[in-house]
1. How many of the residues making up region 213-270 are among the hydrophobic types (A, V, I, L, M, F, W, C) and assigned to a helix (DSSP H, G or I)?
2. I need a count of the residues in region 251-265 that are of a type outside the set (Val, Ile, Thr) and in contact with a strand residue (DSSP E or B) (Cβ under 9 Å, 6 or more places away or on another chain).
3. Residue check: is ALA76 at pLDDT below 95 and crowded, with 24+ Cβ neighbours inside 10 Å?
4. List the pairs whose first member sits in region 409-436 and is within 19 Å of ALA69 (Cα to Cα), whose second member is polar (S, T, N, Q), and whose Cβ atoms are under 6 Å apart, counting only residues at least 6 apart or on separate chains?
5. Applying the selection to region 336-359, what residues are in a helix (DSSP H, G or I) and either polar (S, T, N, Q) or buried (at least 20 other Cβ atoms within 10 Å of the Cβ) (or both)?
6. Take LYS233 and tell me if it is within 16 Å of LEU211 (Cβ to Cβ) and either assigned by TED's automatic domain parsing to the domain that holds ASP160 or not charged (D, E, K, R) (or both).
7. Take the residues in region 281-329 that are acidic (Asp, Glu) and in contact with a Phe, Trp or Tyr (Cβ under 9 Å, 6 or more places away or on another chain), then tell me which one is surrounded by the most Cβ atoms within 10 Å (Cβ to Cβ).
8. Against the conditions (1) among the acidic types (Asp, Glu); (2) closer than 23 Å to LYS313 by Cα; (3) at pLDDT below 95, where does ASP364 fall short? Just the number, please.
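The values are calculated or read from the model by the stated rules, or taken from the named source; none is laboratory data. These figures come from a predicted structure and were not determined experimentally. Counting neighbours? That spans all protein chains shown, and the Cβs are built from the backbone with ideal geometry, glycine included.
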Amino acid sequence: MRFFVSLILVCLLADVVAAAEQPPNVVIFFTDDQGTLDANCYGSTDLYTPAIDKLARNGVRFTQAYSHAVCCPARALLLTGRHPQRSGIVNWTQGSRKENEGNPTGTNLPKQEVTLAEALKDGGYHTALLGKWHLGARDGHGPLDQGFDTFFGHLGGFIDNHRHYFLHGRGFHDLYEQKEEVFRRGEYFPDLMTERAVNYIDDHRDEPFFLYVAFNIPHYPEQADQQFIDHYKDLPMPRRSYAAMVSTVDDRIGRIVGKLEKTKLRNNTIVIYMSDNGHSVENGGSINMDDHASGFPKGHYYSANGGGGNTGKWIGAKGSFLEGGIRVPAIISYPAKLPRGEVRDQAIIAADWFPTVLELCGVDRLKVPLDGKSVLPVIASASEPSQHETMHWGWARNWAIREGSWKLLGSGNQPKQLVNLDDEQPERKNYLKEKPKLAERLHQAHNSWLIDVTPQFHTQ
């Protein structure tokens, strides 16, 4: 009898060891236009965000996480681990695939760039993108061409959540399954995404997978789940509308994490949550023509109601290199190996997730230079210096460089603002005239950086 009991114990231990040695799964939640402090665990106590708060309790929350000012470069930064300038993503990427079939013009992520999906796929992972791509619509430059085995979502910047049309200009339909255009009119896009994410976890539970859940919310149109519209009915506008969108995305994050828990995959899954940029203050989006492709009438409003985000003492919003435009919420949770309930104040950037994930998954580093640095040293010690002594951003003609508490912002070859993050009211005072030598040194450092990151290949 003892022999059989011992044999059973040996088998159980073998199963435990085998499970422990299995490569971790990776799930990245990338929300859209969720601002600097817009989660309850970041101090926005008026917000109901139980899923994000639970990730914070079960992981490491960062207070100085930086992405980018707008959508396209943020996604290039995340998926390549490199500054978007290296891949030529310095202006808006293409929108409609149909309009650009056979047309070589427009910006797309170059095929030469290696994405996190490609690196993990080479390491034995199945890979999926559900949601927003926004790195070029031309065929040959989409998710399936950059390492993703599965894709469901839209290629451009945003869509109406019920009709699935991009609404700027004349509009165009933008919903794809793999490379095929699909029509699901009347079905709520965040639910379509979430349903596929839950099914994907079921279908791939026996192999390592990388699931990139790139939500299109709380980005406008602000079409929230009715339960959260009711929840926030007493908040003033525009916070009321925006808060309902934040809780809607939090709820869908919770459903997907819940599936990981139900399938007993959560402990061995790296979950990363981050926003792509600050909250939007856009307020001019309305259909301005008859016979719009979406079918919406002239005058239909779809913008962000002028704001609604919480930046605390910081100023700025989406589109700006002030803190409110680029400092975003970010959490990593990996119960099997990383601490829980910790907070880190060191500065990190979206590109850091690339080398961090490769290190945790035991996948070889790329031979191309990465601008991201692993966050594991700062997770290991709250006193470890940030991996980034200097940080840079650039988009179209605008740019910024941060060194320590100083940040220089400019346009073209002209510095415009020199601000200090340690001020009691940060970024309100312009020190440009008071500290010309510091401004000049930072400007020269930015120009040197710009030369370094200028691509050596064409991006079309």
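1. 11
2. Here the count works out to 3.
3. no
4. Filtered contacts from region 409-436: LEU409/GLN417; SER411/ASN398; GLN417/ASN430; ASN420/SER405; LEU421/SER405.
5. Matches in region 336-359: ALA350, ALA351, ASP352, TRP353, PHE354, PRO355, THR356, VAL357, LEU358.
6. Here the answer is no, as LYS233 does not meet what is asked.
7. The residue in question is GLU323.
8. It is condition (2) that ASP364 fails.
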